[in-house]
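Report on the following structure.
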Amino acid sequence: MKSRELFKIKLENYRPLLWYGDTVFGRYASIKNLLGSQFGREFANVLAEPSVMDGENGVRYGVWYAENVEEYRSFDKLGPEEQEQAANRLSGILEKVTAFADQLLQSGETSHKQMGEILHLAFRVPGYESIYWGNGQVILVLWGFVSDELSKKSFSLRDALSRFRPQVTPPEPPTKVTPPPVPETGTTCITGDVKEPVVTPPPILEKNKEINKNVEEHEKDIKITDETTTVTKDVKVKKASRWRLWWGKWWKRLLWILLALLLLLLLFFLLNNSRCGGSTGRDETTHILTNPVPGRDQDRSGDRDWQNPVPPVRREQIPETPLPINRDDVRPMPGDTLQRPIVGNRLNVIINRDNTIEEFLEDFNERYADQAQVVYCDTLANLLQVQFATDDIVVWKERLQKLTGVRMVFTEGVFGAEVIPDEPGFKDADESYYFKLIRAFQGWDVTMGREDVVVAVIDNAFDLEHEELKGQCVNPWNIMTNSPDVNTYGGTQRHGTHVASLVVGAINGVGVSGIAPGCKVMPIQVGVEDGSMPTSAIIKGFLYALKQGVQVISISIGSNPREGTDQLPWDVQEQIGQTTFVEEGMFWNELYVYAEECGVLVVECAGNENILTVVDPMKRSDKVLYVGAVGVNAEPAWFSNFGKYVSICAPGMSIYNAIPDNKYDFLQGTSMSTPIVAGAAALLFSLGDDVKFTDVKEALVKTAIPLPGNGVRKQIGNLLQVDKAMAYLQKNNPLLADPCTRKIDSLEQEIERLKKQLNQH
């Protein structure tokens, strides 16, 4: 039977749920086939067929189709008995689908995990208006969409249906067993399997205050844990045990006094030279040496002194690791027409270099200590993050801007990987077509890269055990855990692995290599378990890369504007870029200026929304090499962002390379074209020790070839040509023009190069 229109609504108050940059409702066919094969026809038809269309005056409509339309009625038009029937039927479906989705998420197959994620998102609806009932069957419309109303709380379909279920008397709670008391004694003997108590480091004390407090403490908490019971008991420590060190003759007492004084002097010295948990010579907020790049650090004009921020005096310890993202706190910024996601209860504060963080803290605590708290500090960027209880972010932004030493305040954005998923079964494309399109093989005749050339990749997660990345990585760092523990959250996040392998994937006889296999990559993880990345983590990862002395930074990250942004006129998009997230855009430009002063080339994706790049606050600088995407035949990719800042493009459709668990797959997006350009830049840096980032940038842009029709519809830059860029660089650098002056990467590579030349002749 042919489907007919069941439900139609304007989408101005709703936004679609996204999965890897794609709409969930766009996966309707896959979801229907899966549910039908697993549970039968009723489950296959529980989701109405969606369609989004443009109406008059640019208004977008959503239409949902179903069979036997005349039999269905909306939930609000049902009687009490029918509402209960519909709720019970839908509850049963939800329980089975949710259990099945959870089962898929626990699977070892990546495609199964992805489908589990999609199923969970598909059964999210804005409210009761999404439920239709008829002929003993339930059907959902507006699925895969959520309400855009900021004042409306998140709607839980399962919770909403629970009010229609019969009430069941809860069982009597189990009788509470009181554990035996712990004897009060200075020395406690514990037998059995006991966990060691967690030792929390003491907070940093304020300079010249209360240094002897620890000597006067007389209590501590001891936690005793076994298989069934956890007991916490305040145990008094006998004062006499505190003074056992004084036993002995007078000269022994004198030695102990001198030792104590020496320790106090040492403690005073350390406290006086610490800041925000850091120490002299090393900034622990970024886990990097403060001056690791000889000859690059120099005096700067402007408001930011990156190398020598004013050391603040701290009254309390502030966390040095950015907070993970709580999805319950993510919402659009009020007034943002594009509905880009931000953390609604946090703001980032930049302090002037002429002011200390302590000055800000004193003013902040005096006014708002009972309403908000500082939850993160980075002294290199002079950045603090404030978290507050209410959702009134506009009011809090105004409050913070008036505090002592505040230079700018901007939101904690939620960035995502700029990737468009390819169909899992698509294997028709030539796995190495992009090598040929950019003439990488011809460039390899000159060099395949040097291991002292390092490309930092800032991304969500990495599988460093993959055969393409083993031995190819240096100094990995996880910003979210402040440790080298880089992972993929059980293989659920594959974006970073794919990107890093495109840069330096090894030549090992399997899969496909990276563009610069002889170089190294520095994986910097800034994502949480769902793949999203907060602004503060990206900033910290960026500064970590700079201070490690890398030559190139590759960033395949972008904001997530509302679907339909591409329908806005270009002049409107340009205005949005000039009037929204202004402070954040200014700060990112300052970071890029600092990268230039460090001699580092920043390569960043243009984005995948088919809009102007200026919409994204990270993409408004002429200091960065923004990369667009083309397809197999060098045609502009339909999804690629564009505009005046996009200066080069590279293949970004159906790109085959590594994903976690030693697997390979096709991904597409400007996320893929960006590491291809970053790998090409690494090859150019490998030509000689005196190659400057300005020379590399100029060679890449000036030798790229125009695309047919480029600039008529949108500007995505010219197409990368690796061998021509190398020739340009050698021609304009006398030290590189003579092949005899070229550094030999390795004896084996040099022999292979000579063999190729002999075969060609």
Which one is nearest to Arg439 (Cα to Cα), of the residues in the range 719-736 that are crowded, with 19+ Cβ neighbours inside 10 Å and either among the basic types (Lys, Arg) or touching a strand residue (DSSP E or B) at 6+ places or on another chain (Cβ under 8 Å) (or both)? Gln721
Could we say that Ser536 is assigned by TED's automatic domain parsing to the domain that holds Ser432, within 29 Å of Asn487 (Cα to Cα), modelled with pLDDT under 90 and buried (at least 19 other Cβ atoms within 10 Å of the Cβ) here? no
Considering only residues that are modelled with pLDDT of 90 or more, among the small types (Gly, Ala, Ser) and not in a helix (DSSP H, G or I), look in the range 553-585 and name the one that is farthest from Val691 (Cα to Cα). Ser556
Only residues that are in contact with a strand residue (DSSP E or B) (Cβ under 9 Å, 6 or more places away or on another chain) and of a type in the set (A, V, I, L, M): list them for the range 114-132, please. Ile118, Leu121, Ala122, Val125, Ile131
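Yes/no matrix, rows are residues, columns are (1) surrounded by fewer than 24 Cβ atoms within 10 Å (Cβ to Cβ); (2) touching a helix residue (DSSP H, G or I) at 6+ places or on another chain (Cβ under 7 Å):
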residue: Thr447; (1), (2): no, yes
residue: Asp452; (1), (2): yes, no
residue: Gly471; (1), (2): yes, no
residue: Trp477; (1), (2): no, yes
residue: Gly490; (1), (2): yes, no
residue: Gln493; (1), (2): no, no
residue: Gly511; (1), (2): yes, no
residue: Lys520; (1), (2): yes, yes
residue: Gly527; (1), (2): no, no
For the range 90-124, enumerate the residues that are surrounded by 17 or more Cβ atoms within 10 Å (Cβ to Cβ) and outside any helix (DSSP H, G or I). Phe123, Arg124
Could you pull out the residue among Val512, Val521, Val528, Val550 that is assigned to a loop (DSSP other than H, G, I, E, B), in contact with a strand residue (DSSP E or B) (Cβ under 9 Å, 6 or more places away or on another chain) and at pLDDT 95 or above? Val550
Hey, any hits in the range 380-391 for a residue that's at pLDDT 90 or above and in contact with a Leu (Cβ under 6 Å, 6 or more places away or on another chain)? yes
Please enumerate the residues belonging to the range 318-377 that are hydroxyl-bearing (Ser, Thr, Tyr) and surrounded by 16 or more Cβ atoms within 10 Å (Cβ to Cβ). Thr321, Thr356, Tyr368, Tyr376
Kindly indicate whether Val52 is of a type in the set (A, V, I, L, M, F, W, C) and under 30 Å from Pro569 (Cβ atoms). yes
Note: among Thr497, Thr492, Thr481, Thr447, just one is in the same structural domain as Tyr664 (by TED's automatic domain parsing) and either under 17 Å from Ile655 (Cα atoms) or free of Cβ contacts under 8 Å to residues at least 24 places away in the same chain (or both), namely Thr497
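Looking at Ser640, Ser559, Ser554 in this structure, which one is of a type in the set (S, T, N, Q), within 24 Å of Phe410 (Cα to Cα) and buried (at least 24 other Cβ atoms within 10 Å of the Cβ)?
When all the criteria are applied, what remains is Ser554.
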Return the pairs, sorted by first residue and then second, in which the second residue is aliphatic (A, V, I, L, M), the first residue lies in the range 42-53 and is without any contact (Cβ under 8 Å) to a residue 40 or more places away in the chain, the beta carbons are less than 9 Å apart, and the residues are 6+ apart or on different chains. Ala44/Ile31; Ala44/Leu34; Ala44/Leu35; Ser51/Val63; Met53/Val63
If we scan the range 584-607, do we find a residue that is among the polar types (S, T, N, Q) and farther than 27 Å from Lys397 by Cα? no
Any residue in the range 713-725 that is assigned to a helix (DSSP H, G or I), closer than 26 Å to Glu597 by Cβ and at pLDDT 90 or above? yes
In the range 481-509, how many residues are not in a loop (DSSP other than H, G, I, E, B) and not polar (S, T, N, Q)? 8
Counting only residues that are among the β-branched types (Val, Ile, Thr) and closer than 14 Å to Met533 by Cα, how many does the range 477-511 have? 3
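What are the residues in the range 131-148 that are among the hydroxyl-bearing types (Ser, Thr, Tyr) and surrounded by 22 or more Cβ atoms within 10 Å (Cβ to Cβ), if any?
Going through the range 131-148, the residues among the hydroxyl-bearing types (Ser, Thr, Tyr) turn out to be 132, 147.
Once the filter is applied, which keeps residues that are among the hydroxyl-bearing types (Ser, Thr, Tyr) and surrounded by 22 or more Cβ atoms within 10 Å (Cβ to Cβ), the range 131-148 yields only Tyr132.
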Hey, Thr694 outside any strand (DSSP E or B), at pLDDT 90 or above and buried (at least 24 other Cβ atoms within 10 Å of the Cβ) or not: no
Pairs returned, first residue in the range 389-401 that is in contact (Cβ under 8 Å) with a residue 12 or more places away in the chain, second residue that is part of a loop (DSSP other than H, G, I, E, B) and among the small types (Gly, Ala, Ser), beta-carbon separation under 8 angstrom, 6 or more apart or interchain, are Val394/Gly335
Give the residues of the range 394-416 that are surrounded by 20 or more Cβ atoms within 10 Å (Cβ to Cβ), of a type in the set (A, V, I, L, M) and within 22 Å of Asp328 (Cα to Cα), sorted by residue number. Val414
Can you spot a residue in the range 673-687 that is crowded, with 24+ Cβ neighbours inside 10 Å, part of a loop (DSSP other than H, G, I, E, B), of a type in the set (Val, Ile, Thr) and assigned by TED's automatic domain parsing to the domain that holds Ser432? no
In the range 391-412, which residues are over 29 Å from Thr481 (Cβ atoms) and part of a loop (DSSP other than H, G, I, E, B)? Asp392, Lys402, Leu403, Thr404, Gly405
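The values are calculated or read from the model by the stated rules, or taken from the named source; none is laboratory data. Here the structure is a predicted model, which means the values were calculated and not measured. Note that each Cβ is placed from the backbone with ideal geometry, even for glycine, and that neighbours are counted across all protein chains shown.
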